[in-house]
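A quick write-up on the structure given underneath.
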Amino acid sequence: MATTTYQGLEILFSRQQIAERVAEMGAQITHDLAGEKLVMIGVLKGAAPFLADLSRTIQVDATFDFVATSSYGKGQRSSGAVKLIKDLDHPIEGKNVLVVEDILDTGLTLSYLRKLFLQQHPKSLRIATLLDKPSRRIEKIEADYVGFSIPNLFVIGYGMDYAERYRNLPDICVMPPGAPE
Ligand code: IMP
């Protein structure tokens, strides 16, 4: 049975499904980093709700930092080039880093960020992404923690946008192709 939101959008993952999966990811990260300190780096803006929820399921001494990169622009197409719009507030040398991203698509953003962060010599660097679209990959990169692997759909909600809208939807929904802005 197809489930729809109040806006008539098809729900791909409900808030309950998201919460359950995020808790599982948090438990795994807690296990992997037991006894360590962690810097969680959120990629603005889409990863904000995921970082907020994930961080509260991780039982490790954690701090937050945020970066922002150039994004998809207004529609569903990538511009290709990645640019850093907001840098880290604090150095990560010698720290355990967890990069927290909403969706791993072409891999351009996370490849760029991984290279940038590795230049600072962290103690370890892991990537957590809520969604993964492996069929769209251009850069060879995998996340250490993946919430859900999805086909080539454009999704919105739970932080993810279409032309900056829909980030506050509590469920992850499918954006109909060719939708007006
Ligand atoms: P990548 O650099 O192509 O891997 O893309 C990463 C960024 O593209 C994500 O952080 C999102 O901001 C955006 N993006 C990719 N796919 C989607 C989608 O289906 N919905 C919303 N944003 C997306």
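Dipole of the chain computed with +1 at Lys/Arg Cβ and -1 at Asp/Glu Cβ about the Cα centre; of L54, P134, L84, farthest Cα towards the positive end is L84. Across segment 150-166, coupling constants 3J(HN,Hα) worked out from phi with the 6.51/-1.76/1.60 Karplus curve, θ = phi - 60°, read 10, x, 6, 10, 9, 10, 9, x, 6, x, 8, 10, 10, 6, 6, 9, 6 Hz, and Gly and Pro carry x. Report, to the nearest 10°, how far helix 15-32 tilts away from the longest principal axis of the Cα atoms in the chain, using its own Cα long axis and a range of 0 to 90°. Roughly 20 degrees between the two axes. Proximity of backbone amide H atoms, modeled 1.01 Å from N, is registered between Y158 and L169, D171 at under 5 Å, excluding neighbours fewer than 5 places apart on the same chain. With the convex hull constructed from alpha-carbon coordinates only, segment 37-174 shows a mean projected area of 7.7 nm² over all directions.
Go ahead and set up a Gaussian network model of the chain, Cα springs under 10 Å, then flag whichever of I41, I127, I138 fluctuates most. Sorting by GNM fluctuation, first place goes to I138. Taking amide H as placed 1.01 Å from N in the peptide plane, V99 has its amide H under 5 Å from the amide H of I41, R126, I127, A128, each at least 5 places away in sequence or on another chain. Dipole orientation for the chain: of the candidates A27, Q119, G157, Q119 has the Cα lying most toward the positive pole (charges on Cβ; Lys, Arg +1; Asp, Glu -1).
Which whole-Hz couplings ³J(HN,Hα) result when phi for each residue of segment 112-124 is put into the Karplus expression 6.51 cos²θ - 1.76 cosθ + 1.60, θ = phi - 60°, listed in order with x for Gly and Pro? These are the phi-based 3J(HN,Hα) values: 4, 5, 4, 4, 4, 6, 5, 4, 8, 6, x, 5, 8 Hz. When shorter helices are ignored and each DSSP H run of at least 4 residues is given -39500 (n - 2.57), the per-residue value for the chain at 222 nm works out to -6500 deg cm²/dmol. In a reduced charge model with +1 at each Lys and Arg Cβ and -1 at each Asp and Glu Cβ, segment 37-174 shows a dipole moment near 300 debye about its Cα centre.
Calculated FRET efficiency, Q17 to E142, Cβ-Cβ distance, R0 = 25 Å: about 0.65 to the nearest 0.05. Residue by residue, segment 126-137 carries 3J(HN,Hα) couplings of 10, 10, 10, 10, 6, 10, 9, 10, x, 5, 9, 5 Hz when phi is fed to the Karplus relation 6.51 cos²θ - 1.76 cosθ + 1.60 (θ = phi - 60°); x denotes Gly or Pro.
Site pair A68 and E24 shows an inter-label distance of 3.4 nm when each label is modelled 7 Å from Cα along Cα→Cβ.
Under the definition of Cα pairs under 8 Å and six or more residues apart, what whole-number percent is the relative contact order of the chain?
Values: 357 pairs, mean separation 41.4, N = 181.
Over the chain, the number comes to 23 percent.
The numbers here are math on the coordinates, done by the rules we state, and not lab data. These figures come from a predicted structure and were not determined experimentally. Here the Cβ is made from the backbone with ideal geometry for all residues, glycine too, and neighbour counts use every protein chain on show.
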